[in-house]
Amino acid sequence: MAGVKLLAFAGSTREGSLNQRLLDVAAEMARAEGAEVTSIRLRDFDLPLYDGDLEASAFPPAADELRRLFIEHDGFLIASPEYNGSVSGALKNAIDWVSRPRPGESLVALPAFRGKVAGIMSASIGPFGGLRGLLALRQILGTIQTLVATEQVLVPLAEKAFDGAELIEPLPKQLLPLMVKRVIFLAERLRP
Ligand SMILES: Cc1cc2nc3c(=O)[nH]c(=O)nc-3n(C[C@H](O)[C@H](O)[C@H](O)COP(=O)(O)O)c2cc1C
């Protein structure tokens with residue numbers, strides 16, 4: 001059987017993002033475990049702020065493209081910064097667009113999310129590692145029928161947690177492979 005297909009993206013769009021760095025480590029790990037990982041950057045998708053009128057008149061091609069990518073994958077690896085106690089606006093906006101039904105589709109079909117698995121992680125410059133952001137992300141994904149792996153990875157004081165591209169902080173370093181393996185395990189079993 002072919003490896004599971006995972007879509008990897010971060011909730012931070014900035015160059016030098018600590019969350020992107022964490023995500024890249026997770027994506028490499030998943031590839032080493034046999035998953036097929038597509039790494040994308042949300043900044044490469046020209047997504048306007050969600051607007052119902054825009055949706056009705058001119059559904060953005062970038063939202064359609066992102067939606068198609070979500071549909072094509074069995075699960076997601078998501079690293080999001082915590083912004084004021086929740087997920088980043090960029091991440092929420094992307095999820096909102098991707099969750100919208102296209103003409104003729106049921107509101108609850110949610111083909112981009114239903115039956116898929118997510119592994120979530122957060123890197124923060126603060127001491128709590130973005131825990132509140134991940135609680136919010138877990139709730140958001142659960143609402144749209146994505147199963148979030150119980151394992152999650154927090155990297156507090158993240159500016160000191162990496163040596164270049166390598167994650168060196170012992171606890172998240174131990175937790176990351178557990179989360180990645182769980183996502184692959186679940187995605188293999190949930191795949192239609
Ligand atoms: C608008 C804004 C709000 C933030 N709020 C929080 C917060 O609630 N908790 C936290 O731990 N860090 C917070 N931070 C700091 C982020 O942890 C820090 O900027 C981090 O580096 C962002 O992730 P990135 O490196 O992937 O861009 C906030 C940063 C911004 C820009």
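The values are calculated or read from the model by the stated rules, or taken from the named source; none is laboratory data. Given the structure is predicted, the values throughout are model-derived calculations rather than measurements. Here the Cβ positions follow ideal geometry from the backbone for every residue, glycine too, while neighbour counts run over all protein chains shown.
Name the one entry in Arg14, Arg21 that is within 16 Å of the ligand (Cβ to nearest atom), of a type outside the set (S, T, N, Q), in contact with a Phe, Trp or Tyr (Cβ under 7 Å, 6 or more places away or on another chain) and not in a strand (DSSP E or B).
The match here is Arg21.
Condition check for Thr150 on (1) buried (at least 16 other Cβ atoms within 10 Å of the Cβ); (2) closer than 17 Å to Leu171 by Cβ: one failure, at (1).
Out of Lys116, Lys92, report the one residue that is touching a residue at least 12 places away in the same chain (Cβ under 8 Å), within 12 Å of the chain's Cα centre (by Cα) and more than 16 Å from the ligand (Cβ to nearest atom).
From the options Lys116, Lys92, the qualifying one is Lys116.
Of the residues that sit in the range 4-42 and are touching a residue at least 40 places away in the same chain (Cβ under 8 Å) and of a type in the set (D, E, K, R), which one is farthest from Glu72 (Cα to Cα)? Top of the filtered list is Arg21. Among the residues of the range 125-145, at least one is within 16 Å of the ligand (Cβ to nearest atom), of a type in the set (Gly, Ala, Ser), within 30 Å of Leu54 (Cα to Cα) and at pLDDT 95 or above. Just one of (1) part of a loop (DSSP other than H, G, I, E, B); (2) of a type outside the set (D, E, K, R); (3) within 16 Å of the ligand (Cβ to nearest atom) fails for Leu110. It is (3). When restricted to residues that are without any contact (Cβ under 8 Å) to a residue 24 or more places away in the chain and among the small types (Gly, Ala, Ser), the range 63-89 contains 1. If Gly34 satisfies every condition in (1) touching a Phe, Trp or Tyr at 6+ places or on another chain (Cβ under 7 Å); (2) in a loop (DSSP other than H, G, I, E, B); (3) under 15 Å from Val183 (Cα atoms) but one, which is the exception? With (1) touching a Phe, Trp or Tyr at 6+ places or on another chain (Cβ under 7 Å); (2) in a loop (DSSP other than H, G, I, E, B); (3) under 15 Å from Val183 (Cα atoms) applied to Gly34, the lone miss is (1).
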